[in-house]
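The values are calculated or read from the model by the stated rules, or taken from the named source; none is laboratory data. Keep in mind that what you see is a predicted model, and the values were worked out from it rather than measured. Here the Cβ is made from the backbone with ideal geometry for all residues, glycine too, and neighbour counts use every protein chain on show. SASA here: full protein model, heavy atoms, side chains in, ligands and nucleic acids out. Shrake-Rupley method; radii C 1.70, N 1.55, O 1.52, S 1.80 Å.
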Amino acid sequence: MQGSIFIALSDLVTEKFGLELWDRILTEVAPESGGAYTSVMRYNEKELFAIAQKLSDITEIALPDLIKVFGEYLFSSLYSSMPGDVDVDSGLKVFLLQVDSVIHKEVLRLHPEASLPSFTYTDEKPDELVMHYQSPRKLCFLSEGLLEGAAKQFGEPITITHDICMHKGDAQCDINIYFGER
């Protein structure tokens, strides 16, 4: 997993909970990297999961909730490194429909070893979109947070439902996005 993801998690923890908690987590988890991350390096994803679990244990915030918060936080740093050919002027829905075909394609061009989730879409109504998520990592809650971050970035309110989920034994996650106030 790219170091930039670890750096964003470090930044989130230190901003929301303080440097002392970040240091405590690193001491208790004892990651292989020692907790010194650079954006150009790749690190074992198990480190990220262990850090997130330890944060959940210490703060007593449910892990799915923490992962969503992290996704929302992470969006701004991912957005700042967006490929230039992504349409950001046509609204949130158009942007989301580009995740797999444009954004992930560019990520794989730059980082061929990246293990990205795949998204397919059901787009039958102008104010709804279903993103079908598949990944062996089962980070659908991160996707929910990223969606919330995107909605804030675009200034468009959304409502998300997520009843079909790999964590419930389903083959994929269906993340339903409703655009506008509800």
Near-label residues of segment 113-156 by backbone N, under 15 Å of a point 7 Å along Cα→Cβ of Arg42: 113-117
Helix axis angle, 140-154 relative to the chain longest principal axis, alpha carbon, degrees: 70 degrees
Determine the dipole magnitude for segment 32-149: charges of +1 sit on the beta-carbon of Lys and Arg, -1 on that of Asp and Glu, nothing else is charged, the reference point is the Cα centre, and the result goes in debye to the nearest 20. 380 debye
Would you work out if segment 64-154 is rounded, prolate or oblate? Take a ≥ b ≥ c from the square roots of the eigenvalues of the alpha-carbon gyration tensor; rounded if a/c is under 1.5, else prolate when a/b is larger than b/c, oblate otherwise. rounded
Counting other Cβ atoms within 10 Å, which GluC sites (Glu not before Pro) in segment 45-111 have at most 14 and lie in a DSSP loop? Glu60
Treating the Cα atoms of the chain as identical point scatterers in vacuum, please give the log10 of the normalised Debye intensity I(q)/I(0) at q = 0.13, 0.19 Å⁻¹, two decimals. -0.70, -1.43
Accessible solvent surface per residue of the chain, calculated while the other protein chains remain in place, 1.4 angstrom probe, Å²: 53 Å²
Determine ³J(HN,Hα), in whole Hz, for all residues of segment 4-9 in sequence, where each value follows from phi through the Karplus function 6.51 cos²θ - 1.76 cosθ + 1.60 and θ = phi - 60°; x replaces Gly and Pro. 4, 5, 5, 4, 4, 5
To the nearest 10 degrees, how steeply does helix 19-29 sit against the main Cα axis of the chain, on a 0 to 90 scale? 80 degrees
Just to check, using Stokes-Einstein with a Kirkwood Rh over alpha carbon pairs, what's the diffusion coefficient of segment 21-63 at 10 °C and 1.306 mPa s in µm²/s? 147 µm²/s
So what's the net charge close to His111: Lys and Arg +1, Asp and Glu -1, counting the other residues with Cβ under 15 Å from its Cβ? 0
Once the convex hull of the C-alpha atoms of segment 1-85 is built, how many Å³ does it hold per residue, rounded to a whole number? 93 Å³
Rounded to the nearest 10 degrees, what's the angle between the helix 63-80 long axis and the longest principal axis of the chain, both from Cα atoms, 0 to 90? 70 degrees
Of every hundred units of 1.4 Å-probe accessible area on the chain, the number belonging to carbon and sulfur atoms, as a percent, is 53 percent
For segment 9-81 and segment 109-182, distance of Cα centres in Å: 21 Å
Net lengthening on full extension, Gln153/Phe49 (0.36 nm per residue, minus Cα-Cα): 34.8 nm
